[in-house]
Amino acid sequence: MKILLVYPKFPETFWSFQHALPFEDKRATFPPLGLLTVSAMLPESWERRLVDLNVESLWPDDIEWADMVFISAMIVQRESLEMVVKMCRDLGKTIVVGGPYVSTSASSLPDADHIFIGEAETTLPEFLNDIELGIARKIYKADERPSLALTPVPDLSLIDLSAYSAMCVQYSRGCPFQCEFCDIIEIYGRVPRTKSNAQMVAELDALKATGWRGLLFIVDDNFIGNKKNVRLLMPDLIEWSRTNGFPFSYITEASVNLAEDDALLQQMKDAGFRRVFLGIETPVEESLKEAQKGQNTKRDLLESIHKIQSYGMEIMAGFIVGFDSDPDDIFDRQVKFIRNSGIPLAMVGMLSALPDTQLWRRLEKEGRLVDDECSGNNTDCSLNFIPKMDVAKLVEGYKSILRSIYSPREYYDRALECIARFHKDRVEPRSTTILQDLKALYKMIMTLGIRDSERVAFWHYIYRLVRFHPRDFAHGMTLAAMGYHLRMITLKYCS
């Protein structure tokens with residue numbers, strides 16, 4: 001059996017970093033971890049190939065080669081997914097689709113022969129058996145959330161590692177909180193399940209054996225959701241990192257209550273964590289309560305952010321406008337908070353009602369949903385529900401936030417503030433050669449320092465970076481590249 005695994009293309013959004021990747025000669029940020037894991041679950045005798053449309057093109061010859069085509073997609077990849085499905089259908093191939101999009105969008109399923117709703121650790125083996133017997137069904141739905149002990153080491157042999165800016169692993173699924181707008185708790189549940197320490201070490205060993213060095217994204221939606229197990233993992237992770245010479249610089253996502261656990265913060269620092277994404281959402285307590293994000297109302301958010309930063313971890317954060325409880329001055333308050341936080345990569349989006357979330361169900365009951373679909377892109381100024389605030393005011397206010405926080409001066413000031421909060425003994429694992437670094441620097445100077453209309457702000461930033469933070473010059477340039485991408489996206493959607 002020949003299996004073609006296809007990962008649809010991401011549109012141009014804040015999260016794609018398409019304008020930053022060329023500086024380091026990369027074509028995509030992360031590989032498709034889900035499909036690599038699915039590949040490892042297929043029979044060893046089956047041939048398999050992977051086409052990641054974020055890295056390369058899909059050609060008819062690729063599809064003709066295969067007996068079946070496996071596709072996984074998020075909501076934001078829907079348009080590309082539909083294109084891939086049509087190509088495969090036109091060529092008469094058996095199509096198998098899974099992933100977050102079909103797991104939460106049952107009302108608009110793609111034209112596939114077999115669809116997997118939910119996690120595949122139990123349903124995929126059932127499907128493989130049914131294929132052998134000739135009785136495969138159209139829909140396979142996981143009745144229970146499987147133990148991650150069933151999850152194999154991803155099949156890294158399918159990818160060209162040099163095409164990606166970072167690698168990724170998964171430790172847990174699920175989150176104990178109940179944020180109204182979140183679809184993660186609908187897909188993976190509110191009881192976080194984790195892999196064993198031995199599983200994690202095996203995945204780290206496998207990745208190191210490929211020769212990869214550099215960023216490693218632990219893709220959990222809340223890495224500390226199961227704090228008991230995380231505390232058991234950290235000593236082994238620290239020991240592995242030390243024994244292997246710290247080959248990876250870890251990034252992950254966590255809830256804000258991470259700030260109250262000094263012991264865990266110290267362990268994450270010792271293991272080599274360098275960036276954490278937090279769901280801040282809003283400085284308005286009434287809106288946090290509306291969103292059922294009580295974990296953010298129990299602590300001073302700015303103090304929590306600065307506490308985590310003091311352990312050498314840069315913070316990325318998500319912010320949202322469009323809550324019913326947002327006051328008229330929400331846009332100014334968001335800008336002020338972001339400025340005071342020292343968070344360069346502040347991902348601000350408009351509230352979106354994702355399918356099958358508590359928010360979706362509430363708005364549907366209130367008769368406020370205006371579109372059965374959701375773009376999954378919370379930066380394109382689209383709304384699929386009727387907000388309490390005037391739509392024109394909300395959209396223009398949102399755009400004003402982005403124009404402000406991603407103006408070069410504002411952004412560079414936050415980048416320098418972020419770097420200033422790092423502890424002095426912070427060590428960044430080296431993942432590139434001097435030649436690669438010089439090549440990237442040349443590209444940035446040619447783009448940001450010469451051709452860009454904001455080159456004066458860039459050179460002022462370089463001057464302050466060299467004068468006050470020379471040890472963090474490389475990281476400062478990384479932030480400059482990412483800021484350039486964010487400004488390009490802002491110009492696209494907010495001009």
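Using the Cβ-Cβ distance between ILE135 and ASP111 with R0 set to 30 Å, the FRET efficiency works out to roughly 0.90.
Mean sequence separation of contacting Cα pairs (under 8 Å, at least six apart), scaled by the length of the chain, corresponds to a relative contact order of 14 percent.
For each pair in LYS26/LYS93; LYS289/LYS492; LYS26/LYS336; LYS289/LYS336; LYS138/LYS195, compute the distance between the two Cα atoms and list the pairs where it is over 25 Å. It would help to have the intermediate numbers written out before the result.
Working: LYS26/LYS93 31 Å; LYS289/LYS492 33 Å; LYS26/LYS336 34 Å; LYS289/LYS336 21 Å; LYS138/LYS195 30 Å.
Pairs exceeding 25 Å: LYS26/LYS93; LYS289/LYS492; LYS26/LYS336; LYS138/LYS195.
Taken about its Cα centre, the chain carries a charge dipole of about 1600 debye when Lys and Arg each add +1 at the Cβ and Asp and Glu each add -1 at the Cβ.
Shape call for segment 135-262 from the C-alpha gyration tensor, a ≥ b ≥ c root eigenvalues: rounded (a/c under 1.5), prolate (a/b greater than b/c) or oblate?
Working: a/c = 1.80, a/b = 1.17, b/c = 1.54.
Oblate is the answer for segment 135-262, as a/c is 1.5 or above yet b/c matches or exceeds a/b.
Output the peptides 114-121, 43-50 sorted from most to least packed, where packing is the average of other Cβ atoms within 10 Å over each peptide's residues. Kindly include the intermediate steps, with their values, before the conclusion.
Details: 114-121: 21.0, 43-50: 13.0.
Final packing ranking: 114-121, 43-50.
Put simply, the amide H of GLU314, placed in the peptide plane, has neighbours under 5 Å in ARG275, VAL276, leaving out anything fewer than 5 places away on its chain.
Which whole-number percentage describes the relative contact order of segment 97-217, with Cα contacts under 8 Å and a sequence gap of 6 or more? Dividing the mean separation by the residue count of segment 97-217 yields 22 percent. The simple spin-label model puts a point 7 Å past each Cα toward its Cβ; for ARG471 and TYR442 those points are separated by 3.0 nm. A simple rule links phi to the HN-Hα coupling: the Karplus curve 6.51 cos²θ - 1.76 cosθ + 1.60 with θ = phi - 60°, which for segment 471-485 gives 5, 10, 4, 4, 5, x, 6, 4, 5, 5, 5, 5, x, 4, 4 Hz, with x for Gly and Pro. If both residues of a DSSP beta bridge must be in the chain, then about 5% of such bridges are antiparallel.
Residue ranges 388-396, 354-362 sort as 354-362, 388-396 when ordered by packing (mean number of other C-beta atoms within 10 Å per residue, highest first).
Here segment 306-424 is treated with +1 on each Lys and Arg Cβ and -1 on each Asp and Glu Cβ, and its dipole about the Cα centre works out to around 620 debye. For a 4.7 Å threshold on C-beta separation, the list of partnerless cysteines in the chain reads CYS88, CYS168, CYS175, CYS374, CYS381, CYS418, CYS494.
Heavy atoms of the protein chains alone define the surface here; on that basis the chain has 42 Å² accessible area per residue at 1.4 Å probe size.
Got a number for carbon plus sulfur as a percent of segment 45-179's accessible area, 1.4 Å probe?
On the way: 2960 of 5930 Å².
Taking all protein chains in place, segment 45-179 shows 50 percent carbon and sulfur surface.
Listed peptides 467-478, 216-227 appear in the order 216-227, 467-478 once ranked by packing, highest mean of other Cβ atoms within 10 Å at the front. From its DSSP helices (H runs of at least four residues, each -39,500 (n - 2.57)), the chain gives a residue-normalised ellipticity at 222 nm of -12000 deg cm²/dmol. Taking amide H atoms as placed 1.01 Å from N in the peptide plane, the amide H of VAL169 lies under 5 Å from those of PHE217, ILE218, VAL219, each 5 or more residues away in sequence or on another chain. Scanning residues 5 or more positions from PHE385 or on other chains, those with amide H under 5 Å from its amide H are VAL370, with H placed 1.01 Å from N in the peptide plane. Out of the total accessible area of segment 365-414 (probe 1.4 Å, heavy atoms of protein only), what percent is carbon and sulfur? Here it works out to 49 percent.
The values are calculated or read from the model by the stated rules, or taken from the named source; none is laboratory data. Bear in mind the structure is a predicted one, so any value in this text is a computation, not a measurement. Heads up, the Cβs are rebuilt from the backbone with ideal geometry, glycines too, and the neighbour counts pull from every protein chain shown. These area figures cover heavy atoms from the full protein model, side chains too; ligands, DNA and RNA do not enter into them. Shrake-Rupley method; radii C 1.70, N 1.55, O 1.52, S 1.80 Å.
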